[in-house]
Amino acid sequence: MTEAQVELLVVGAGPAGIAAACTAAESGVQVAVLDDNPDVGGQIWRGEKRSAPSSLAAPWLERAAKASGIQWLTGWAAVGPDGPHALLALPPGGGQLVRVAYQKLVLATGARELFLPVPGWTLPGVFGAGGLQALVKGGWSVAERRIVVAGSGPLLLAVAAYLQQTGADVVLVAEQAPWSKVSRYAMHLLLTQFAKFRQGVRLRRTVRSTPYRVGCWPVRILGREQVEAVIFSDGVRRFQESCDLLACGFGLVPNTELGELLGCQRAAGRLAVDRWQRCSVPHVYAAGEVCGIAGVECALVEGQIAGYHASGNLTAAGRLCRKRDRLRRFAGQLHQAFALRDELRSVPDPHTIVCRCEDVTLGQVREQMSWRAARLQQRCGMGLCQGRICGPALEFLFGWKDRSIRPPLFPVPLGALADEMSPKSDLPSSEKSPSASHSECSTRRLSP
Amino acid sequence: MAVEAYDLAVAGAGIVGAACAALAAEAGLRVVLIEPADVASGATAAGMGHVLVMDDSPQLLRWTHFCRQLWLELESELPARVEFRRTGTVWLAASGGAMQQVASKAEKLRAHGVDCAVWGAAELREAEPALRADLEGGLYVPDDVVLYPPAAAEYFVNRARWFHARMRFGQSVTELLRGKLRLSDGSTVVAERCLLANGYGVRQLVPWLPLEPRKGHLLITARMTPVVHHQLIELGYHDSVRAPGSHSVAFNVQPRVTGQLLIGSSRQHGVADRDVDWTVVQRMAQRAREFLPSFADQPIIRIWTGLRVAAPDGLPVIGYCDEESRTLVATGHEGLGITAALGTAQFVVNLLLGQPTPLPAEWFAPLRFTGSASFQELHCD
Ligand SMILES: Cc1cc2nc3c(=O)[nH]c(=O)nc-3n(C[C@H](O)[C@H](O)[C@H](O)COP(=O)(O)OP(=O)(O)OC[C@H]3O[C@@H](n4cnc5c(N)ncnc54)[C@H](O)[C@@H]3O)c2cc1C
Ligand SMILES: Cc1cc2nc3c(=O)[nH]c(=O)nc-3n(C[C@H](O)[C@H](O)[C@H](O)COP(=O)(O)OP(=O)(O)OC[C@H]3O[C@@H](n4cnc5c(N)ncnc54)[C@H](O)[C@@H]3O)c2cc1C
């Protein structure tokens, strides 16, 4: 174990983390940013073309590259807290754990996709919507493959458009929310957020030859060796759609695990924060999707509020609060529009696997009275992913909230836990610090 | 509404309370089992599930041997989910002179009729090739068992139900009254006798009992092809158990049916919080790597802690804790509560039925800590 110290530690290098780090660093605070991915940018900007980032991303990526006093620790995973003022982190490629002590902490850990169990969902060829997008961004070709995109939320259209542009044959986009809600939401966008409305229209136009069906959801995925077709229901009738791949996501779930290990309060599945993005634990802030799904712009604003407040610039932080509140209100509309329907709870049958790591079926889980009982008696959520996937699904299906979260947040090799503490080193200044090379290479990556 | 009256109210559905409820119900008593959380969600969920004979003291040796025997007799009745396996234990001679210790341990065990075999370096290597090469040998105890405690506790709860025991889940016992118990929802349960088998929670209801918490950490790996076949413990484990001071760590590894390895073990005397203490984890990981060098790359997926409950003399606390013989306790099993669950149940039921206990009742009697005159009179002739 090595020890390092920073004034402000940011976990997550997505839009929220970048914004927090930049604002704090520009105020003269010494900052380190940890992210388990090899690139900065988070879910949305990670794959941005270095040469031509989007208009929203470009200024921030540039700012991040310019800001001095930021250590970019990309490829580093925060595995758990060590007392109230330090995290243990696993550097890229294993090695020793590093104890990063901080005065203040910003949790910008983002969100992940919500998967709901559907009979047949463990067949090869079934992906998360964002997951498939990420694979394709990473170089996997889906050219000419017939793809069904299903689930819920605006992400579906974005994914469908992206896949279509890379040469896939998107045969259907199936949204579970009913037409009444989706159209009311579109109307709301048209009236209040014209840019967003236009973006939606643009996406729709990209996949204009593909039917966008609302009010229907997958009830069974068919295939022998791999997915061949999906059966949908609209509550009255069923229909079948053939495909080679299924991209299926039911929205996003905040990554609250690290906050929970720190003792931060959770409310409605997200970290609870005050006006200044402060969590219930002193010196800990949260910004972006980890405090509720509200999109990139909101993540950027919240990141700035946290960054300004953490560096003592209350005026600047205060100026952004109204904008944040507006964006959050807007997100509220989105949640209403794409709220998951009750029928989804009866999609899985008793034989449908819920916990994929340990092959636990819904029938087995249903015999239990609580999350803890399902874990103890059926091994549900005890596998490699530690319930990250089945946890949110069971929260939706049964209302079970108290998934027991324990460190490490990422699997850590026994040897990394065993390594002796080496002498104390300062992350940013020490040349020997394991971070120096990373900082360089990620800064290089950042510059356009 | 008629008030239901029970012969026995059991507080706590850990493995001890569950086993006691099952045996008492089977003996024909009207039993109610009270548990605020889930079955086996206390120490029973945190522990290792190694059923073994320990020879720390003559009493403990007789006790654990008796208790293990009850498990072995139950084997054929246990559902597969309990994962009952006679893996046996191998006590490892790690340091110079440890073979001497192996020999004297073997002698002690054999004198009590416990089957065991002394292994030299070659035999050890053959049985456990993953162990580091320079170990001198060890002591193999073939009839020690590994099982999965939460499933065993659930089995006992179901068995208690089968014999008409009632369940009051979601409630804890908050107060002991005459012939009654108060529950957290304000209701009362009328029972002739009550048994406090609520682990470390006993100290709230019987504050004068000198119970000490001992925090332990466990690490578990991801699934892999099974490479370790026995429960492996370094000899000197006893020393680590009794070592004074804040904490001690010993190599103690258990193969699970899933191919996972459960890695122990640590003891922090007097520590009752449940936080992961990374310096302790580090020492455990070092120890494990020392003994199993090829495991350095194995991913650890979860780390947790649990509380053992111990009395100052290292013996369990089982028996009546009041002079009217209404309230019993069953706790203080330290790191042996899984091993001792059935033995404890037998002990408790015999006390309830006024029959002789399998081992002298005064060994474990709670009243041994009061020095009360009537107790002396009763038990120490
Ligand atoms: C799968 C997916 C696909 C999406 N696709 C789109 C899209 O196409 N269009 C769109 O407009 N929006 C999309 N979004 C939403 C968009 O990503 C968010 O609005 C935005 O990224 C939120 O920013 P953030 O900074 O809060 O979180 P994120 O961008 O998610 O950043 C959080 C970062 O923290 C890291 N992290 C988390 N925990 C740890 C830890 N313990 N240690 C180290 N690092 C950690 C994560 O790896 C991640 O890089 C998508 C979101 C998801 C989850
Ligand atoms: C790290 C570790 C490793 C171990 N390894 C082993 C091993 O290998 N072999 C072995 O034999 N033993 C082992 N043990 C010890 C063993 O786990 C315990 O001795 C045993 O589980 C104790 O069981 P119990 O039923 O007495 O207590 P618990 O399992 O703690 O059960 C007590 C129950 O009482 C309930 N309760 C609490 N308060 C109240 C109340 N007021 N009213 C009603 N109910 C209440 C709790 O919710 C809980 O369910 C280990 C322990 C630890 C911590």
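We did not get these values from a lab; they are worked out from the coordinates using the rules stated. From a predicted model like this one, the values you see are computed outputs, not experimental measurements. Cβ sites come from the backbone with ideal geometry, for glycine too, and all protein chains shown count toward neighbours.
General remarks:
- B:ASN350-A:ALA316 pseudo-label distance in nm [points 7 Å out on the Cα-to-Cβ vector]: 7.6 nm
- Rg and Dmax of chain B, Cα atoms only, in Å: 20.8, 72
- Relative contact order (percent, whole number), chain A, Cα cutoff 8 Å, 6+ residue spacing: 22 percent
- Leading residue at positive end of dipole, the protein assembly as shown (Cβ point charges), from B:MET54, B:PHE163, B:PRO142: B:PHE163
- Radius 14 Å from Cβ of A:ARG238, net charge of other residues (Lys, Arg +1; Asp, Glu -1): 0
- The order of A:TRP217, A:TRP179, going from fewest to most other C-beta atoms within 10 Å of their C-beta, is A:TRP179, A:TRP217.
- The charge dipole of the range A:49-163, taken about its Cα centre with unit charges on the Cβ atoms of Lys, Arg (+1), Asp and Glu (-1) only, comes to about 240 debye.
- The residues packed around A:GLY415, meaning those with a beta-carbon under 15 Å from its beta-carbon, carry a net charge of 0 if Lys and Arg are +1 and Asp and Glu are -1.
- Peptide A:399-411 has a mean shielding of 3, counted as Cβ atoms of other protein chains within 10 Å of each residue's Cβ.
- Taking the convex hull of Cα positions in the protein assembly as shown, its mean projected area over all directions (nm²): 39.1 nm²
- Ratio Rg/Rh, restricted to the range B:92-244 and using Cα atoms, in which Rh is the Kirkwood radius: 1.11
- Simple label model, 7 Å out from Cα along Cβ direction - B:ASN158 to A:ARG204, nm: 5.5 nm
- Theoretical FRET efficiency, 1/(1+(r/R0)^6), r = Cβ-Cβ of A:ASP274 and B:ASP297, R0 51 Å, to 0.05: 0.75
- Theoretical FRET efficiency, 1/(1+(r/R0)^6), r = Cβ-Cβ of B:ARG178 and A:MET369, R0 30 Å, to 0.05: 0.40
- Stokes-Einstein D for the range A:61-165, Kirkwood Rh over Cα pairs, 25 °C, 0.890 mPa s (µm²/s): 139 µm²/s
- Legend: mean number of C-beta atoms from other chains within 10 angstrom of residue C-beta atoms, peptide B:35-41, equals 4.
- Order of B:ILE318, B:ILE15, A:ILE221 - criterion: other Cβ atoms within 10 Å of each residue's Cβ, fewest first: A:ILE221, B:ILE318, B:ILE15
- Dipole magnitude for the range A:172-223: about 160 debye, using +1 per Lys or Arg Cβ and -1 per Asp or Glu Cβ, origin at the Cα centre.
- Binning the alpha carbon pair distances of the range A:345-424 at 5 angstrom intervals from zero yields the distribution 3, 15, 24, 22, 11, 7, 7, 5, 4, 2, 1, 0, expressed in whole percent.
- The range B:269-284 - phi-based ³J(HN,Hα) in whole Hz, Karplus 6.51/-1.76/1.60, Gly and Pro as x: 5, x, 9, 10, 7, 10, 5, 6, 9, 5, 5, 5, 4, 4, 5, 5
- Net charge of neighbours whose Cβ lies under 13 Å from the Cβ of A:SER346, counting Lys and Arg as +1 and Asp and Glu as -1: +1
- ³J(HN,Hα) computed for each position of the range A:400-405 - Karplus, 6.51 cos²θ - 1.76 cosθ + 1.60, integer Hz, glycine/proline x: 7, 10, 8, 4, 7, 9
- For B:THR87, residues with placed amide H under 5 Å, excluding near neighbours: B:VAL146
- Chymotrypsin sites (Phe, Trp or Tyr not before Pro) restricted to the range A:52-154 and DSSP loop, no more than 13 other C-beta within 10 Å: A:TRP140
- Label-zone membership for the range B:258-281, site B:VAL227, 7 angstrom Cα→C-beta point, backbone N under 14 Å: B:259-262
- Assigned charges on the beta-carbon of Lys, Arg, Asp, Glu; the protein assembly as shown dipole about Cα centre (debye): 3660 debye
- In chain B, a dipole from Cβ-located charges (positive for Lys and Arg, negative for Asp and Glu) runs towards its positive end, and of B:LEU70, B:VAL32, B:VAL114 it is B:VAL32 whose Cα lies farthest in that direction.
- A:ARG356 paired with A:GLU62, simple spin-label distance in nm, labels 7 Å along Cα-to-beta-carbon: 4.0 nm
- Length-normalised contact order of the range A:256-333 in % [C-alpha pairs under 8 Å, at least 6 apart]: 22 percent
- For chain B: relative contact order, % (alpha-carbon pairs under 8 angstrom, 6 or more apart): 23 percent
- Only DSSP H runs of four or more residues enter the estimate; each adds -39500 (n - 2.57), and after division by the residues of chain A the mean residue ellipticity at 222 nm equals -10500 deg cm²/dmol.
- Gaussian network model of chain A, springs between alpha carbon atoms under 10 Å - residue of A:ALA268, A:ALA161, A:ALA374 with greatest fluctuation: A:ALA268
- For the range B:263-381, the spherically averaged projection of the C-alpha convex hull amounts to 10.0 nm².
- FRET efficiency for A:PHE194 and A:ALA339, using Cβ-Cβ distance with R0 set to 25 Å, rounded to 0.05: 0.55
- Cut-off under 5 Å, modelled amide H: who pairs with A:VAL219 long-range: A:ILE231, A:PHE232, A:SER233
- Ellipticity estimate at 222 nm from DSSP helix runs (n ≥ 4, -39,500 (n - 2.57)) divided over chain B, nearest 500: -9000 deg cm²/dmol
- Near A:LEU56, no amide H atom lies under 5 Å from its own; only residues 5 or more places off or on other chains count, and H is placed 1.01 Å from N.
- Averaged over peptide B:255-267, the number of partner chain Cβ atoms lying within 10 Å of each residue's Cβ comes to 1.
- Ranking of A:GLU3, B:GLU4 by neighbouring Cβ atoms within 10 Å, starting from the fewest: B:GLU4, A:GLU3.
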